[in-house]
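Let me begin by presenting the structure, written as C-alpha cells, before commenting on it.
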Amino acid sequence: MDERKAFAGFIKTIQNSKDEKISTIHSIIDEWIPWWETKKPINLDIYEKTGESSIFKNLNDYNEFKRKEEPVQKVEGDDCNKEYEDMEIIDLSKEAREMEQMSQQLTAKYQAIQYRYHELIPHITKLIRSRQPSQTLPYLITSNLLTILYQWRLYNGDVLSPITSPLHFDTSLLSTLLSQLLQQEAQQLVTDIESAYYQFLKCAGSDDLELVKLYEPQVLEDVEKVLASKVDIVEALMREYDYLHAAEEALMSVKHKLPTKPRHLIKQIGLAKQKLIFYLSYIKSGFMELQPLVCEFKGFKEQYVQGRVEARKVRALVQPAVGRQMIQEVIDKMAQI
C-alpha cells in the first residue's frame, strides 16, 4: 500500500472517530466538495457554441475545497447596545464575491463539458457501423464509475489533479484505471450490476479491499446519484480522460529516452482514452437508459448493504491487481533519465 492510500485510511479514521482529540484533526484538513453534489448551472442538452479558451482546460483543475472557517468576529457590546453584544460580524460583500467566483467557475466548467460533448464526441454510428452496441455497456460504464468515484473519495477529491512532471504518477491509480478500461474479458463477464461491482473490486485488487470496505457505503451512494444524472456521468468520464491524457503527455515528453516497455504503457493509455470516447459516444447517441439502470443499482445496493453475504462471496474471489509492478518499473526507469 503506497503512502497516499495509507493517508486515505488515516483520514477516514479521523472522520469516523468519536474521540475529540482525534476528530479535531479533521478541522485542519480541507473539506472537498464532490462535483456531483453541486448545482448544475446549465443543461447539457441545450448547447450554444462558445469560443472561450477554457473549453480545453483540464477538468480536474476545477476541483473545489471548502475554505477554512475564519475565527468568528463579534461585536463588542457597550452600555447603549447590550442587546447586540457577542453578535457575529458577517461580511456580506466577501460572501457575495466568493459565490460569484464559484458561479463563474462552474459555468466555465460546464461550458467546456458542453463543447466537448457536442463538438468533439462522435455519434456511435461513426465508431461501429455494422452492428448495434453491446447491451452490457451500461454495466461496464457503471463499473468504471464505481472505480473512479471510489478513487475520488479515497483521495479526498485530489485524485485526478493534473500531472506536472513525468514522475508525478500514482502507480496503483494508473494501473487500476487501465485494468478497468482494458480487460478484454469484461464485456463477457459484466452483464448486470452485481458483476459490475465484482469487476470494480477485481480492478482494485485484494490489497485494497480493507480500504474499499471503509468507503463502500459512501461510494454506493455516490454512484447512485451520478447514475441519475447524464451530465454527471459525462463529467466523470471526461475527468478520467483528462487524467489519462495528462499522463500520456508526460510520458510522451520523454518517449525518446524510454525503452520498449514504457512505450507499451503509452499505447495502453491511448487505448484507454479511446474506450472512454466510445462510452461518451454511446451516451450521446441515446442508448443509455438511466432510470431502469438506477432502479437496478438501487436494488443491488440495498441487498448488498443489508446482506453482506454477497460482499464476502465477491471479495473472496478478488485477486491482487495486475499491472502495478510493470507501471512502477516504468516510473523507476523514468527517474533515472
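Every number here is computed from the coordinates shown, using simple stated rules; none is lab data. These numbers were taken from a predicted model, which means no experiment stands behind them. Cβ placement follows ideal geometry from the backbone for every residue including glycine, while neighbour counts extend to all protein chains displayed.
Some points to look at:
- Calculated from backbone phi, Karplus (6.51, -1.76, 1.60) coupling profile of segment 182-198 in Hz, x at Gly/Pro: 10, 5, 5, 7, 4, 5, 7, 8, 8, 10, 7, 5, 4, 5, 5, 5, 4
- Packing-based exposure ordering (other Cβ within 10 Å, fewest first) of R263, R129, R153: R129, R263, R153
- Neighbour-count order for S172, S195, S285, fewest beta carbons within 10 angstrom listed first: S285, S195, S172
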